[in-house]
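Worksheet: one structure, shown below.
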Amino acid sequence: MTESELRDTIAREMPGVRADLERLVRIPGIAFEGFDHSHVERSAEAVAELLRGCGLDTQVVRHGGQPAVIGRKPAPPGAPTVLLYAHHDVQPTGDPALWESDPFEPVERDGRLYGRGAADDKAGVMAHVAALRAFGDQLPVGVVVFVEGEEEYGSDSLDAIIQAHLDELRSDVIVIADSGNWDIGQPALTTSLRGLVNLFVEVKVLKSAVHSGMFGGPVPDALTALVRLLGTLHDDDGEVAVDGLVGREGASVDYPEDRFRFEAGMLDGVSLIGRGTITDRIWTKPSIAVLGIDAPRTLEAANALQATAKAKVSIRVAPGDDPKSVYAAAKAHLEKHAPWGAHVEVTLESDGDPSVIDATGPGFDAARAAFRSAWDGAEPVDMGVGGSIPFIATFQELFPGATILVTGVEDPHSAAHGPNESLHLGEFERVCLAEALLLKNVAETLTK
């Protein structure tokens, strides 16, 4: 098919693609513990039905975790095979009061579709479906569509699924549609991602809580000790103060501070923390954040010195560093800086590897050409991402000869993982067109 024919076909397909996206958004498929996992099953079956409708040999698979979907269509003689990845599970919604509309009832406002998973990552699923529908029976490459069911919950069973279906998933090009673009009207390829270490630190100072009036003064309370300990993780400028963590400078993309502050939703007068350019700080250097604290709620707090307090700490691991060594360094730091002889216990919750992708070669040329066409000549940006997709390192290890393209549907206003998550519908159509053009370009470039 010609580029003009693909443009026309994608435009015709978009109403149906959007309708199917909205059906997926209505399924609250949350893989976290404590949620009804029957919805994840429904979500997997809905995705499987969509892939079967594209003529793919499709199965729902699992290996100890939530269901994934694998659909396959063999390559024409001599043509390459492309693996298309996305995930159908979503993040919990958080406080419903923070949403302007029902998280699981998609609503359009000002050209954006609002709903949990509308961007992350059910639109990624539907971008794959749109590209397949555009070609119909004229698909110029082989495809394997791999839609995971527990990415948001840590991909615990992903390695087992990949190992069990290794030959089915083996491909020449891998498209991971779980990232985003640099801005509305500005496409991007993601070429580096930080890794992740999540840990718990618990401080103990007493056998049990005691009266704050009778013992306050000489006896420390655990919450104050924990706060002081957490404060040692950064210096006065907010730079990470844990020895042994790797970071580097030199990110090539400029990120204006006013744009960054607006997109982050920072309040007037609040300073940025750390040192270096903004892109260095969010892409190529480590960061540390306290995600939560177990302590009495203020409405329930008695006049007592707390015996124990616990925090969850998240470390984003810079490309080039190792999560195991990062955890060891953080554990050593927290134990070393225990205030007032408090007992400190550090435990690992989860970790994931960072990734750096060498974005050169014919597969990347094919992708950039597709993006330029879909965005009417806009040059794609090679960008880093401060977040983590640890399984990219798994794909790099298991498929060392494959070209790995990290793409996505999100833009800086999508609010993925937050309240009022949304998808820019105009950009979504460009993403769908770009993927169809990518398949065309890959076929023309890599067919033997």
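Things worth noting here:
- Some residue of the stretch 179-190 being among the acidic types (Asp, Glu) and farther than 30 Å from residue 281 by Cα: no
- Between 371, 364, 428, the distinction of being closer than 26 Å to residue 249 by Cβ and either assigned to a loop (DSSP other than H, G, I, E, B) or modelled with pLDDT of 95 or more (or both) belongs to 364 only.
- Filtered residue count, the stretch 286-320, keeping only those that are open to solvent by less than 20 Å² (accessible area, probe 1.4 Å) and not β-branched (Val, Ile, Thr): 7
- For the stretch 321-341, a residue qualifies if it is in a helix (DSSP H, G or I) and open to solvent by less than 30 Å² (accessible area, probe 1.4 Å), and the qualifying residues are 323, 326, 329, 330, 333, 334, 339.
- Here residue 263 fulfils each of the conditions (1) in a loop (DSSP other than H, G, I, E, B); (2) modelled with pLDDT under 95 apart from (1).
- Filter pass, residue 12 being within 20 Å of residue 428 (Cβ to Cβ), of a type in the set (Lys, Arg) and crowded, with 18+ Cβ neighbours inside 10 Å: no
- Checked against the criterion of being in contact (Cβ under 8 Å) with a residue 40 or more places away in the chain, within 30 Å of residue 329 (Cβ to Cβ) and open to solvent by less than 50 Å² (accessible area, probe 1.4 Å), the candidates 189, 193, 223 yield just one match: 193.
- Matching entry among 156, 178, 183 (being over 30 Å from residue 230 (Cβ atoms) and surrounded by fewer than 21 Cβ atoms within 10 Å (Cβ to Cβ)): 183
- Only one entry in 59, 66 is of a type in the set (S, T, N, Q), modelled with pLDDT of 95 or more and open to solvent by less than 30 Å² (accessible area, probe 1.4 Å), namely 66.
- Residues of the stretch 284-320 satisfying the condition of being of a type in the set (A, V, I, L, M), without any contact (Cβ under 8 Å) to a residue 12 or more places away in the chain and assigned to a loop (DSSP other than H, G, I, E, B): 301
- Members of the stretch 374-405 that are in a loop (DSSP other than H, G, I, E, B) and among the acidic types (Asp, Glu): 376, 379
- Listing of helices (runs of 4 or more DSSP H) fully contained in the stretch 70-186 that carry 2 or more residues being among the β-branched types (Val, Ile, Thr): 122-135, 158-164
- Checklist (1) closer than 20 Å to residue 186 by Cβ; (2) in a loop (DSSP other than H, G, I, E, B); (3) not charged (D, E, K, R) applied to residue 420, failing item: (1)
- Criterion applied to 250, 269, 244 was being within 25 Å of the chain's Cα centre (by Cα) and either in a loop (DSSP other than H, G, I, E, B) or of a type outside the set (A, V, I, L, M, F, W, C) (or both), and the one residue passing it is 250.
- Answer residue from the stretch 159-175, given it is of a type outside the set (A, V, I, L, M) and surrounded by fewer than 22 Cβ atoms within 10 Å (Cβ to Cβ) and is farthest from residue 148 (Cα to Cα) among those: 172
- Residue within the stretch 152-171 that is touching a Ser or Thr at 6+ places or on another chain (Cβ under 6 Å), at pLDDT 95 or above and on the phi < 0 side of the Ramachandran plot present: yes
- Evaluated against (1) closer than 25 Å to residue 247 by Cβ; (2) touching a Pro at 6+ places or on another chain (Cβ under 7 Å), residue 340 falls short on exactly one condition, (1).
- Residue match in the stretch 256-269 (condition: free of Cβ contacts under 8 Å to residues at least 24 places away in the same chain and aromatic (Phe, Trp, Tyr)): yes
- Selected residue [out of contact with any His (no Cβ under 6 Å at 6 or more places or on another chain) and in a strand (DSSP E or B)] from 9, 58: 58
- Of the numbered criteria (1) surrounded by fewer than 21 Cβ atoms within 10 Å (Cβ to Cβ); (2) not in a strand (DSSP E or B), the one residue 281 fails is (1).
Listed here are the residues, each with its yes/no results for (1) surrounded by fewer than 20 Cβ atoms within 10 Å (Cβ to Cβ); (2) not acidic (Asp, Glu).
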position	(1), (2)
394	yes, yes
407	no, yes
410	no, no
419	yes, yes
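The values are calculated or read from the model by the stated rules, or taken from the named source; none is laboratory data. Being a predicted model, the structure only gives us computed values, none of them experimental. Quick reminder, even Gly has a Cβ in these numbers, built from the backbone with ideal geometry, and neighbours come from all protein chains shown. In case anyone asks, the SASA skips ligands and DNA or RNA and just uses the protein heavy atoms, side chains included. Shrake-Rupley method; radii C 1.70, N 1.55, O 1.52, S 1.80 Å.
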